[in-house]
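A short worksheet on the structure shown next.
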Amino acid sequence: MNRFVGALTASGALWLAACSDAELTSLDQRLNALRDSPTGKVAPLPEPPEYHAVTYDQAGLRSPFLPERPEQESAAQGADLAPDLTRPREPLEAYSLDTLALVGTLFIDGTYSALVRDPEGEVHRVHVGDHLGTDFGRIVAIGATALQLIEIVTNGQRGWVERSQTLYLNNDEADQRQG
């Protein structure tokens, strides 16, 4: 068996020797010569544009991310809109407005009331004057297909502003809010 393995190893070595290319050395020499003396031309890089510094002088203007308000309004003027933080919170004030859904309205004795579903699935009957949402929202009107409320939100400058929101009655409960 050892003779057979020896013969197989010897024949394998002969096959490897036969696979070598005699012209491989000349190919390596040719490639080295080409690398040493390249013949192509590379286009020069274009001139960089001239740098001009620009100063930002808009820092004192209104942020585009804040709502517009009249020039005479100041943060102190918004202080009278501050929400009553001593008022007991109502159950629907525990949820943000986008998690509440208007699922129905009732018209009884000439007055509308609304049915609002919270995220846990419980339905609450609300009337004009009731509060809902985390932004101190107070219901100001209820109609056959919508509920309007006014929220009191900070103006970002130690004052408060009112923001109108509407919940719409929608069977598929797609996006019901509109500011």
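The values are calculated or read from the model by the stated rules, or taken from the named source; none is laboratory data. Owing to the predicted nature of the structure, the values given are computational and were not obtained by experimental measurement. Here Cβ is always computed from backbone atoms with ideal geometry, including for glycine, and neighbour counts include all displayed protein chains.
The condition of being in a loop (DSSP other than H, G, I, E, B), at pLDDT below 80 and more than 30 Å from residue 162 (Cβ to Cβ) holds for only one of 22, 43, 17, that being 22. Checked against (1) exposed (fewer than 14 other Cβ atoms within 10 Å of the Cβ); (2) touching an Asp or Glu at 6+ places or on another chain (Cβ under 8 Å), residue 87 meets all criteria but (2).
If we scan region 75-90, do we find a residue that is modelled with pLDDT under 85 and more than 30 Å from residue 160 (Cβ to Cβ)? Within region 75-90, not a single residue is modelled with pLDDT under 85 and more than 30 Å from residue 160 (Cβ to Cβ).
Among residues of region 125-139 that are over 15 Å from residue 96 (Cα atoms), those with a Cβ under 6 angstrom from a residue that is among the small types (Gly, Ala, Ser) and assigned to a strand (DSSP E or B), sequence gap 6+ or separate chain, pair up as 125/113; 126/114; 127/113. On the stretch given as region 131-157, residues that are part of a loop (DSSP other than H, G, I, E, B) and either of a type in the set (Val, Ile, Thr) or over 14 Å from residue 105 (Cβ atoms) (or both) total 8.
Restricting region 104-126 to residues that are within 18 Å of residue 140 (Cα to Cα) and of a type in the set (A, V, I, L, M) leaves a set whose member that is surrounded by the most Cβ atoms within 10 Å (Cβ to Cβ) is 114.
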